[in-house]
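What follows is a short report on a single structure.
The values are calculated or read from the model by the stated rules, or taken from the named source; none is laboratory data. Predicted model, so just to flag it, every value in this text is computed and none were measured. All Cβ positions, even for glycine, are placed from backbone atoms using ideal geometry, and neighbour counts span all protein chains on display.
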Amino acid sequence: MGHIFRDAGIKKEVIDIMEKEEVKKIKEWMNTEEYKEKNFNRQAIVINPERACQPLGAVLCAVGFENTMSFVHGSHGCVAYYRNNLSRHFREPLAAVSTSLTEDGAVFGGQANAFEGFKNAADLYKPKMFAISTTCMSEIIGDDLGSIVANAREKGRLAEDILAPYANTPSFVGSQLEGYDNMLNAIIEGIAKKPEAGMEKTDVINIIPGFDTTLGNINEIKRILKIFGAKFLVLADYSNTLDYPLNGEYKMYPEGATKLEDVKTCANNKATIALQRYSTKKTVATLSEKLGQDARVVKSPIGINYTDDFLMTVSEISRLEIPKELEDERGKAIDCMTDAQQYIHGKKFAVFGDPDLLVGLVSYLLEMGGIPKYVLCSNGNEEFKKEIEDLFENYSASEGEVYIDKDLWHLRSLLMTDKADMLIGPSHGKFAARDAGIPHIRVGYPIFDRVNIHRYPLYGYTGVINLTTWIVNKFLDILDDTSDDAHFELLR
Ligand code: SF4
């Protein structure tokens, strides 16, 4: 704009003032209802959606299996993104290889690169399994993974003793949730054996965490099952591989991941409990429809009600009584909620992130008397929307609004025109929270700007105490930081 004024012979100082005022005017207009309406009518572009692409979910899933190397058929830049993104969240190294497709691959197909990749990665990293996924590029070329793997076997480029389940993970549909599901489904379909008719089931319960980057959740579920005395198998267990001890020794494949032998027999286990709905649909269908499993999905056990449901499901499947130790934990969590309820009751929250996490968080906030005013899910669908609306109805939460397929620029408009008291969600929300001048509690994926949050469970009665502590103490910190002398109290 400056050059127009300059051409008209207007002095530089005057131009600077005019420009600053224009910028100020536009900035203020961006916080208005008028702008919000335009923003919500936006069709052509997405600005900062809270979602990642499919292969990222596939790569995370692969880390949960013993001696498994993620083998991504596509551009190496994409793989650098998944590794970098996941490493920043967990603050751990994360290995994955790519077939480094470039222009040649786009023209002639990527089979030659895949052949070379299988050979090099097997020689260098000696995996027991390649978990093969795709990126936008190989999907657009139309490479047929099944043929590539079969041809590689036939031509001796892929050794017979290396398992190679493969999943198409096109990034232009779905999100990291579908990518996780596609990969886990491919691994189970590719390895698990259908039990023979009349074969006796084991006592083991399969647990599928879903795309869950809060490692504390997986550890909490294991702890609960151990207190129960139940036998269990976590399918895609990366709770240790992405949190292994720093002892000076680098391990490409740290211990603790799900053993491939256990995957082979998992369909013969007593039942499966999936802890997320939206990242396990295909896998649960395969287990129940193709492998004849009693495969169930529970709501992510966040808050009292959903934790109770999970414990009752475990009790029903295992025929074990809910142990007194867990009953006592429940009592302590209720005590904590009662002590803290006054600080959350009536407060308005904006929450965003992945759908299963949001269902759990909204349920917890409603249990505490909070008002989940804005619930925004970039990768949510109508089914998710209905789940949230049902929760609003059950608690008569008439102020709640749920948005699917919206991004964080939409969220900013909501917060700038009618504030919430707190934002809860991953790190990307910090810009909207700062503009709106409200506190931001980090939960979900990704968290790049706080440490250790992923180690603390949101699940179970322990999760209730953690969430309550973070939320209430944040409000109390603000109260202390902003009180004048007369109101700076010892007791809060
Ligand atoms: S969206 Fe496509 S191009 Fe971008 S990182 Fe994902 S796979 Fe690669």
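Taking residues in segment 460-486 that are more than 13 Å from ILE334 (Cα to Cα) and of a type outside the set (D, E, K, R), and partners anywhere that are loosely packed, with under 13 Cβ neighbours inside 10 Å and at pLDDT below 95, the pairs with Cβ atoms closer than 6 Å and at least 6 places apart or on different chains are LEU476/ARG492.
Residues are listed down the side, and each one gets a yes or a no for (1) within 16 Å of the ligand (Cβ to nearest atom); (2) touching a residue at least 12 places away in the same chain (Cβ under 8 Å); (3) under 26 Å from the mean Cα position of the chain (by Cα):
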| site | (1), (2), (3) |
| --- | --- |
| ILE17 | no, no, no |
| GLU22 | no, yes, no |
| LYS38 | no, no, no |
| PHE90 | no, yes, yes |
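Of the set (1) over 27 Å from ASN85 (Cβ atoms); (2) surrounded by fewer than 16 Cβ atoms within 10 Å (Cβ to Cβ), all apply to VAL451 but (1). Checked against (1) in a strand (DSSP E or B); (2) farther than 24 Å from VAL234 by Cα; (3) of a type in the set (S, T, N, Q), SER100 passes all but condition (1).
On the phi > 0 side of the Ramachandran plot and either surrounded by fewer than 24 Cβ atoms within 10 Å (Cβ to Cβ) or within 9 Å of the ligand (Cβ to nearest atom) (or both): is that true of ASN67 in this structure? Spell out the reasoning first.
Values: on the phi > 0 side of the Ramachandran plot: yes; either surrounded by fewer than 24 Cβ atoms within 10 Å (Cβ to Cβ) or within 9 Å of the ligand (Cβ to nearest atom) (or both): yes.
Here the answer is yes, as ASN67 does meet what is asked.
Could you check, for segment 193-201, whether at least one of its residues is out of contact with any Pro (no Cβ under 6 Å at 6 or more places or on another chain) and either β-branched (Val, Ile, Thr) or within 16 Å of the ligand (Cβ to nearest atom) (or both)?
First, the residues of segment 193-201 that are out of contact with any Pro (no Cβ under 6 Å at 6 or more places or on another chain): 193-201.
Okay, now just the ones that are also either β-branched (Val, Ile, Thr) or within 16 Å of the ligand (Cβ to nearest atom) (or both), so none.
Checked against the condition, which is being out of contact with any Pro (no Cβ under 6 Å at 6 or more places or on another chain) and either β-branched (Val, Ile, Thr) or within 16 Å of the ligand (Cβ to nearest atom) (or both), segment 193-201 yields no hits at all.
Looking across PRO355, PRO323, one residue alone is in contact with a Cys (Cβ under 9 Å, 6 or more places away or on another chain), of a type outside the set (Lys, Arg) and either surrounded by 15 or more Cβ atoms within 10 Å (Cβ to Cβ) or at pLDDT below 95 (or both). It is PRO355. Looking at this structure, is ALA131 in the same structural domain as PHE65 (by TED's automatic domain parsing), in a strand (DSSP E or B), away from the ligand (no atom under 11 Å from the Cβ) and not β-branched (Val, Ile, Thr)? Spelling it out, ALA131 is indeed in the same structural domain as PHE65 (by TED's automatic domain parsing), in a strand (DSSP E or B), away from the ligand (no atom under 11 Å from the Cβ) and not β-branched (Val, Ile, Thr). Taking helices (runs of 4 or more DSSP H) as the structural unit, those lying wholly within segment 158-266 and holding at least 1 residues that are among the small types (Gly, Ala, Ser) and under 26 Å from ALA122 (Cα atoms) correspond to 176-191. Considering only residues in segment 290-323 that are under 19 Å from THR265 (Cβ atoms) and not β-branched (Val, Ile, Thr), the one that is nearest to the chain's Cα centre (by Cα) turns out to be ALA295.
Taking (1) away from the ligand (no atom under 11 Å from the Cβ); (2) part of a helix (DSSP H, G or I); (3) at pLDDT 95 or above; (4) farther than 19 Å from PRO165 by Cα in turn, ILE47 satisfies each apart from (2). Would you please name the residue that is nearest to the ligand (Cβ to nearest atom), looking only at residues in segment 71-88 that are assigned to a helix (DSSP H, G or I), among the hydroxyl-bearing types (Ser, Thr, Tyr) and surrounded by fewer than 23 Cβ atoms within 10 Å (Cβ to Cβ)? Here the residue is TYR81.
Applying a threshold of 7 Å to beta carbon distances and a minimum spacing of six or more residues, or different chains, the list of pairs starting in segment 135-153 at a residue that is more than 17 Å from HIS76 (Cα to Cα) and ending at one that is near the ligand (Cβ under 9 Å from one of its atoms) reads LEU145/THR134. Among residues of segment 162-206 being of a type in the set (A, V, I, L, M) and surrounded by 24 or more Cβ atoms within 10 Å (Cβ to Cβ), the one that is nearest to ILE140 (Cα to Cα) is ALA167.
A single member of ALA159, ALA150, ALA121, ALA112 is away from the ligand (no atom under 16 Å from the Cβ), of a type in the set (Gly, Ala, Ser) and under 30 Å from the mean Cα position of the chain (by Cα), and it is ALA121. When each of ILE344, ILE404, ILE388 is tested for being farther than 25 Å from ASN48 by Cβ, of a type in the set (Val, Ile, Thr) and in the same structural domain as LYS474 (by TED's automatic domain parsing), the lone residue that passes is ILE344. The single condition among (1) touching a residue at least 40 places away in the same chain (Cβ under 8 Å); (2) of a type in the set (Ser, Thr, Tyr); (3) surrounded by fewer than 24 Cβ atoms within 10 Å (Cβ to Cβ) that THR102 does not meet is (1). Checking LEU60 against (1) away from the ligand (no atom under 12 Å from the Cβ); (2) modelled with pLDDT under 95; (3) not polar (S, T, N, Q), only one condition comes out false. Which one? Evaluating LEU60 over (1) away from the ligand (no atom under 12 Å from the Cβ); (2) modelled with pLDDT under 95; (3) not polar (S, T, N, Q) leaves (2) as the failure.
Kindly indicate the residue of segment 162-187 that is more than 16 Å from the ligand (Cβ to nearest atom) and closer than 14 Å to PHE118 by Cα and also farthest from the chain's Cα centre (by Cα) among those meeting that condition. Per the stated criteria, the residue is ILE162.
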